[in-house]
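The values are calculated or read from the model by the stated rules, or taken from the named source; none is laboratory data. Predicted model only: the values in this text are computed from it and were never measured. Positions of Cβ are generated from backbone atoms using ideal geometry, with glycine treated the same way; all protein chains shown enter the neighbour counts.
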């Protein structure tokens, strides 16, 4: 039973970290030990759970089905352990996915304040604007901007952050600053793409403008660079551009036509007894984002 449990834990952590070496770091053991534990599990069931190569570790169809069943069980065991120690300190591996722009701004306080204050906490963070499958891809927390679509997940509102239209001084000098919403149609736009769909410009009064794009990108970092290089007008959360605005590298466009506040949520799949590592991280983000 002990070896079977070790194999189960090794398998789940390998899926979550996408490698035996990552699982080894999470469990404080060696990659060879992880490989052996998974091999024993495969031998017990008589199936291959992973397709292995020198560069990648991919779940087989049987592996996907097994992971979907056992990952929630392992998560429940972790949750039950934390329930016995409600005042426990934040420790263990925390797997987080967050939008690239938010991560770029928050990594400084996370690494300068949060992690030094919790020596037992380890962080694995994926900065992507893609909406990941929290359970299937093995994340503890997903930080998302916009309305919550995953009704089965627990959501906590962290903040409501302002949006801004902005362009470089060079672009505005060459093309002129738009004076009203109608004149936005005469300008070049760098559009943000989320889940394959371009995001229109929405104003606080509910009106919507769908511009033609000279460049579309699914990364906030990419469209920020395009704006800095004078390619056109961008729509982004203001905190992601605030340093550029303060330095004069970007200029707000139509500041008298406000955009709506965008809700930012932390999502997780834990029940009522949220692990200390999850609770501490979410509380930290809520406090820091309140300043924006």
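Structure data summary
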{"item": "Search result, residues across segment 260-276 that are at pLDDT 90 or above and either assigned to a helix (DSSP H, G or I) or over 29 Å from residue 201 (Cα atoms) (or both)", "result": "none"}
{"item": "Conditions (1) assigned to a helix (DSSP H, G or I); (2) over 17 Å from residue 104 (Cα atoms): number failed by residue 204", "result": "(1)"}
{"item": "Only listed residue being farther than 22 Å from residue 126 by Cβ, out of contact with any helix residue (DSSP H, G or I) (no Cβ under 8 Å at 6 or more places or on another chain) and modelled with pLDDT of 95 or more, chosen from 166, 210, 204, 170", "result": "170"}
{"item": "Meets criteria (assigned to a helix (DSSP H, G or I), modelled with pLDDT under 90 and surrounded by 15 or more Cβ atoms within 10 Å (Cβ to Cβ)) for residue 239", "result": "yes"}
{"item": "Options 184, 254: the member that is in contact with a strand residue (DSSP E or B) (Cβ under 9 Å, 6 or more places away or on another chain), assigned to a loop (DSSP other than H, G, I, E, B) and either modelled with pLDDT of 90 or more or not assigned by TED's automatic domain parsing to the domain that holds residue 109 (or both)", "result": "254"}
{"item": "All positions within segment 46-59 that are modelled with pLDDT of 85 or more, farther than 15 Å from residue 138 by Cα and in contact with a helix residue (DSSP H, G or I) (Cβ under 9 Å, 6 or more places away or on another chain)", "result": "47, 48, 49, 50"}
{"item": "All positions within segment 147-174 that are buried (at least 16 other Cβ atoms within 10 Å of the Cβ) and in a helix (DSSP H, G or I)", "result": "171, 172"}
{"item": "Verdict on residue 266 being closer than 18 Å to residue 106 by Cα, surrounded by 15 or more Cβ atoms within 10 Å (Cβ to Cβ) and in contact with a helix residue (DSSP H, G or I) (Cβ under 6 Å, 6 or more places away or on another chain)", "result": "yes"}
{"item": "Lone unmet requirement of (1) in contact with a strand residue (DSSP E or B) (Cβ under 8 Å, 6 or more places away or on another chain); (2) in contact (Cβ under 8 Å) with a residue 60 or more places away in the chain; (3) closer than 20 Å to residue 67 by Cβ for residue 110", "result": "(3)"}
{"item": "Residue match in segment 23-41 (condition: over 27 Å from the mean Cα position of the chain (by Cα), surrounded by fewer than 18 Cβ atoms within 10 Å (Cβ to Cβ), farther than 24 Å from residue 140 by Cβ and in contact (Cβ under 8 Å) with a residue 40 or more places away in the chain)", "result": "no"}
